[in-house]
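Visitor: Here it is, the structure, as structure tokens.
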């Protein structure tokens, strides 16, 4: 090798080594605006987990924020986040978008308050197709009257909307009502695995999920 080629090759080596390893300052400071309806309160700013904490289930996978999404990575059981601030206990609407990127079980377990009780909306449970409330009168979503079977494709975003008022719990996915449950006279509950999700939490079961556009608003009493 001729000596005059060495500086050129060394420069190319340095460029190759640095390529892709340095964080792009523009990317690091980039905003990922969330789609939040007027009159509602955002629960996710697109950048941080402010207001949330990673739920210490003991089985959880890592959680991070990436490109305007909360990424809940699969663990050995439940993984997820729970809300740390005040949240209404009735007459409210909460919505988020979720998609599963890895795994075959529920990619959104939304635990929520109902007056003095708590319940979970399970989306994609029991091997992937079950939607329902868990628990009702001690029965899981797979075994109570709220059970609906729905196919969920990987890497497809689903808009999940939940409304809780004085008498009903309504869950819609992509605008279609799948659960419309009149709950007075029934005992609502949650499985022990998600007790740490209270009062409001989002969890998955051995599945990696991405979450965005999380918001809530108070509804007028009916």
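Visitor: Taking a ≥ b ≥ c as the square roots of the Cα gyration tensor eigenvalues, with a/c under 1.5 meaning rounded and otherwise prolate when a/b beats b/c, else oblate, which class fits segment 138-217? Intermediate results must be reported in sequence, preceding the final value.
Guide: Values: a/c = 1.42, a/b = 1.27, b/c = 1.12.
Taking the square roots of the gyration eigenvalues as a ≥ b ≥ c, segment 138-217 is rounded.
Visitor: Report the full-extension gain for the segment residue 64 to residue 114: residue separation times 0.36 nm, less the Cα-Cα distance, to one decimal in nm. Kindly include the intermediate steps, with their values, before the conclusion.
Guide: Values: separation 50, 0.36 × 50 = 18.00 nm, distance 2.87 nm.
So the chain would gain 15.1 nm between residue 64 and residue 114.
Visitor: Let me ask another. So what is the relative contact order for segment 102-222, in percent, with contacts set as C-alpha pairs under 8 Å and at least six apart?
Guide: Details: 241 pairs, mean separation 37.6, N = 121.
Contact order relative to length: 31 percent.
Visitor: Specify the residue with the greatest mean-square fluctuation among 174, 82, 104, computed from a Gaussian network of the chain linking alpha-carbon atoms under 10 Å apart.
Guide: Fluctuation is largest for 174.
Visitor: Same structure again: Testing the spin-label approximation: label points 7 Å from Cα along Cα→Cβ at residue 53 and residue 170. State their distance in nm.
Guide: A separation of 3.5 nm, rounded to one decimal place.
Visitor: Does segment 35-91 come out rounded, prolate or oblate, given a ≥ b ≥ c as the square roots of the eigenvalues of its C-alpha gyration tensor, rounded meaning a/c under 1.5 and, failing that, prolate meaning a/b above b/c?
Guide: Here segment 35-91 falls in the oblate category.
Visitor: Ok, one more. Mind giving me the FRET efficiency for residue 148 and residue 104? R0 is 25 Å, r the Cβ-Cβ distance, nearest 0.05 is fine.
Guide: The computed FRET efficiency comes out at 0.90.
Visitor: Using bins 10 angstrom wide from zero, how does P(r) for segment 48-143 break down, in % of all Cα pairs?
Guide: 14, 44, 37, 5, 0
Visitor: Oh, and also: Can you give me the angle between helix 6-18 and the longest principal axis of the chain, using Cα atoms only, in degrees from 0 to 90, rounded to the nearest 10?
Guide: Computed tilt is about 10 degrees.
Visitor: Return 148, 65, 123 ranked ascending by Cβ neighbour count within 10 Å, so the fewest neighbours appear first.
Guide: Placing the least packed residue first, the sequence is 148, 65, 123.
Visitor: Sequence gap at least 6, Cα distance under 8 Å: using those rules, report the relative contact order of the chain to the nearest whole percent.
Guide: Relative contact order here is 28 percent.
Visitor: Report the full-extension gain for the segment residue 32 to residue 182: residue separation times 0.36 nm, less the Cα-Cα distance, to one decimal in nm.
Guide: 50.2 nm
Coordinate-derived values only; no laboratory data. This one's a predicted model, so the numbers in the text were calculated from it and none came from an experiment. Neighbour counts run over all protein chains shown; Cβ positions are idealised from the backbone, glycine included.
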